[in-house]
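Undergrad: I am attaching a structure below and will ask some questions about it afterwards.
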């Protein structure tokens, strides 16, 4: 009896010990976190925005999904996030890992919004071969082309914009390139605003048309800086077109530095603060100078006898 | 002031007062040694400052989060101590409280020394001190920094005047009596005494000027520490974003200043053998004053920590928990208990208001005041508003570097040196006022 107890205790210790060794290298994801489901649907729009976020935030380390071209970091290299043996994990498990990070993997809990992280996961799921409801992004095969061109047509009356993507085939014929995602970006004070809309993929003739928002403020003349580009550089390299268009709502810019305010330059300090400061300094220092001036009188008073 | 214990009748004559006060200025051997010691400390630490100047502020422990470190905490402390000049010689002086007569000059010397070096500490904290004038040239009226620079210079000026003007009669005596003084000193006494021979007209005129300055320094004194508190309170940071910071700082300043004055009184009494002038009465009274200002400060601390601690609003909670039982608990509670509460409890007891015990208690109060400033400045800096992650390890901690500590030691040595030199060339106890207060006739020859 005694021996059995001892053996069980020993076995238990070994079990606990080996378990902790394994855990020290792997991830520990709480069961409750694993159960989480992606609250966002795997629409092409969501997948596409997930891809954009992925390219900005994750690609530098993880490389392209399924391509295994990750950064060779030591001791643990980043996982190929498109690989099937990674994608067997639940949405919640991936979400948890992205939030918490480990080793060289940063914690994105506070630097990327939850929504954006779910978008990335939706994007990663699109590589999952076992996914039951697989989002069919129509596989399009474009002919091999050279001299790819991006043309832009702006209709200022109804505020639409038409981009045309074309290339020259081996036979020397210029054809439209189909199924390529385009980004329509408007320059704002801090970065770009994406106005691409729901479905910015080129059609069979290489065209994609978008509706420019009706209420976007422009400068005094209503001009805005547009940047139209092929979203993914992987297809034809960096292909973009910049243009100033008059599609915005004419707006007189207010520069908050123009008014008198606490945050203004010295010249734009509020009047009351200038008056208080200068007034206070003048009042106090005139008394000081008065006293200094009075000091001069002191030696003379030595002679007066009263 | 009728309830004063009757002062022991001393058979002092004007001659004896003059001799007692002037004698130690010229015949104190330890004093020169002490000055040499201070100058050595300053030169050694000056080398640390040279390194900082050469290599930049990177040699300090300050990084992106904690950009106000030891230097600023020390600056606030110096400004605080300097406020004692306004408390003693001005507020109590205007109230015609007579026991301050022998110690008012020491208070004024402390004020001048501390506020002068406080201004210097700011320059020491600059990476490019050669650009210090830009604060004036490009200063914005909206910035508390400009107000602070202005008010500190003003306070220094008025404090210096309040040191010199009441000293004019004494300087006239120095001119006559200190025959062994160097020619430069004689010249200085001659100029500063402004031909004073104590005619009634001169007497009246002089006292009118002094009264004017005494009134003037009250708003300036309040302003200097209130504005210093606004450097913090004008931000939205947790721990600084409070409306009572102005009076809170002023109350704390009275505590620090009174403690510093008691310590200085003790050393002058012992070293200059001034037992007949800085008597037990002065220590007793200062002890009561210290209790009073400590109680006011305690009241402010209660408001400053109890009210936000009751609400624990987001942001404040992290800060307060760090202070109450986190990384800063020891420093926080030590400064509250050793620097405030225990001194109050001890000093209500008459026995502890004797010179030696009260001096030791004051050392604790002063050290507590210093650490209190440290606790005000640094923990708040460690909690930036925006969650930033993946920053270098040394951003999220702050440990002053050896260079920083040396430069801080330099500032202390400089304060002590200024006090020492001023007390070597000027009589630390007012001769004429003391004689007048004892009803002894004063004669100053031309």
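The values are calculated or read from the model by the stated rules, or taken from the named source; none is laboratory data. None of these values were measured; they are calculated from a predicted model. Please note: Cβ atoms are built from the backbone with ideal geometry, for glycine as well, and neighbour counts cover all protein chains shown.
Undergrad: From the list B:393, B:404, which one is free of Cβ contacts under 8 Å to residues at least 12 places away in the same chain, more than 14 Å from chain A (Cβ to nearest Cβ) and over 21 Å from residue B:232 (Cα atoms)?
TA: Numbers: B:404 fails: free of Cβ contacts under 8 Å to residues at least 12 places away in the same chain.
That would be B:393, the only listed residue that is free of Cβ contacts under 8 Å to residues at least 12 places away in the same chain, more than 14 Å from chain A (Cβ to nearest Cβ) and over 21 Å from residue B:232 (Cα atoms).
Results for (1) within 14 Å of chain B (Cβ to nearest Cβ); (2) in contact (Cβ under 8 Å) with a residue 60 or more places away in the chain; (3) in a loop (DSSP other than H, G, I, E, B), shown as yes or no for each residue.
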{"residue": "A:55", "(1), (2), (3)": "no, yes, no"}
{"residue": "A:74", "(1), (2), (3)": "no, no, yes"}
{"residue": "A:81", "(1), (2), (3)": "no, no, yes"}
{"residue": "A:121", "(1), (2), (3)": "no, yes, no"}
{"residue": "A:127", "(1), (2), (3)": "no, yes, yes"}
{"residue": "A:141", "(1), (2), (3)": "no, no, yes"}
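Undergrad: Just one of (1) surrounded by 13 or more Cβ atoms within 10 Å (Cβ to Cβ); (2) more than 14 Å from chain B (Cβ to nearest Cβ); (3) modelled with pLDDT of 90 or more trips up residue A:232, so point out which.
TA: Condition (3) is where residue A:232 drops out.
Here's the yes/no breakdown for (1) within 30 Å of residue B:294 (Cβ to Cβ); (2) within 32 Å of the chain's Cα centre (by Cα):
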residue: B:358; (1), (2): yes, yes
residue: B:375; (1), (2): yes, yes
residue: B:388; (1), (2): no, no
residue: B:394; (1), (2): no, no
residue: B:402; (1), (2): no, yes
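Undergrad: Does region B:237-247 contain at least one residue that is facing chain A (nearest Cβ under 10 Å), in contact with a helix residue (DSSP H, G or I) (Cβ under 7 Å, 6 or more places away or on another chain) and more than 30 Å from residue B:359 (Cβ to Cβ)?
TA: There is no residue in region B:237-247 that is facing chain A (nearest Cβ under 10 Å), in contact with a helix residue (DSSP H, G or I) (Cβ under 7 Å, 6 or more places away or on another chain) and more than 30 Å from residue B:359 (Cβ to Cβ).
Undergrad: Let me ask something additional. What helices (runs of 4 or more DSSP H), lying completely within region B:1-119, carry at least 3 residues that are within 27 Å of residue B:285 (Cα to Cα)?
TA: Filter on region B:1-119 gives B:14-26, B:70-82.
Undergrad: Let me ask something additional. Scan region B:48-81 residue by residue and report those that are more than 16 Å from residue B:400 (Cα to Cα) and touching a residue at least 60 places away in the same chain (Cβ under 8 Å).
TA: B:53, B:76, B:77, B:78, B:79, B:80, B:81
Undergrad: Could we say that residue B:129 is touching a helix residue (DSSP H, G or I) at 6+ places or on another chain (Cβ under 6 Å), farther than 25 Å from residue B:26 by Cβ and more than 13 Å from chain A (Cβ to nearest Cβ) here?
TA: In short, yes.
Undergrad: Still on this structure, I have one more. Given the residues A:97, A:45, A:52, which is the only one that is at pLDDT 90 or above, in the same structural domain as residue A:121 (by TED's automatic domain parsing) and within 30 Å of residue A:192 (Cα to Cα)? Can you show your working first?
TA: Values: A:45 fails: at pLDDT 90 or above; A:52 fails: at pLDDT 90 or above.
Exactly one of A:97, A:45, A:52 is at pLDDT 90 or above, in the same structural domain as residue A:121 (by TED's automatic domain parsing) and within 30 Å of residue A:192 (Cα to Cα), namely A:97.
Undergrad: Then there's this: Would you be able to tell me the number of residues in region B:145-181 that are within 11 Å of chain A (Cβ to nearest Cβ) and either at pLDDT below 90 or farther than 29 Å from residue B:103 by Cα (or both)?
TA: Of the residues in that region, 2 qualify.
Undergrad: Return yes or no: is residue B:233 over 19 Å from residue B:163 (Cβ atoms) and within 9 Å of chain A (Cβ to nearest Cβ)?
TA: Answer is no for this residue.
Undergrad: Being part of a helix (DSSP H, G or I), closer than 19 Å to residue B:85 by Cβ and touching a residue at least 12 places away in the same chain (Cβ under 8 Å) is the requirement here; does residue B:153 meet it?
TA: When the stated conditions are applied, residue B:153 passes them.
Undergrad: Output the residues belonging to region B:211-223 that are surrounded by 19 or more Cβ atoms within 10 Å (Cβ to Cβ) and more than 9 Å from chain A (Cβ to nearest Cβ).
TA: At the first step, the residues of region B:211-223 found to be surrounded by 19 or more Cβ atoms within 10 Å (Cβ to Cβ) are B:213-214, B:216-217, B:220-221, B:223.
Across region B:211-223, the qualifying residues are B:214, B:217, B:221.
Undergrad: Okay, next question. Can you pull out every residue in region B:290-314 that is more than 29 Å from the chain's Cα centre (by Cα) and surrounded by fewer than 16 Cβ atoms within 10 Å (Cβ to Cβ)?
TA: Correct list: B:307, B:309, B:310, B:311, B:312, B:313, B:314.
Undergrad: Within region A:230-257, track down each residue that is touching a residue at least 12 places away in the same chain (Cβ under 8 Å) and under 30 Å from residue B:140 (Cβ atoms).
TA: Correct list: A:251, A:252, A:253.
Rundown of residues vs (1) surrounded by 12 or more Cβ atoms within 10 Å (Cβ to Cβ); (2) touching a helix residue (DSSP H, G or I) at 6+ places or on another chain (Cβ under 6 Å); (3) facing chain B (nearest Cβ under 7 Å), yes/no style:
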| position | (1), (2), (3) |
| --- | --- |
| A:268 | yes, no, no |
| A:271 | no, no, no |
| A:277 | yes, no, yes |
| A:286 | no, no, no |
| A:291 | yes, yes, yes |
| A:295 | yes, no, yes |
| A:303 | no, no, no |
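Undergrad: Would it be correct to say that residue B:198 is assigned to a helix (DSSP H, G or I), at pLDDT below 95, more than 8 Å from chain A (Cβ to nearest Cβ) and touching a helix residue (DSSP H, G or I) at 6+ places or on another chain (Cβ under 7 Å)?
TA: Numbers: assigned to a helix (DSSP H, G or I): no; at pLDDT below 95: yes; more than 8 Å from chain A (Cβ to nearest Cβ): yes; touching a helix residue (DSSP H, G or I) at 6+ places or on another chain (Cβ under 7 Å): yes.
So residue B:198 does not fit the description; no.
Undergrad: Kindly evaluate residue A:108 against the criterion of being at pLDDT 90 or above and either outside the structural domain of residue A:51 (by TED's automatic domain parsing) or outside any loop (DSSP other than H, G, I, E, B) (or both).
TA: Considered against the rule, which asks whether it is at pLDDT 90 or above and either outside the structural domain of residue A:51 (by TED's automatic domain parsing) or outside any loop (DSSP other than H, G, I, E, B) (or both), residue A:108 comes out as no.
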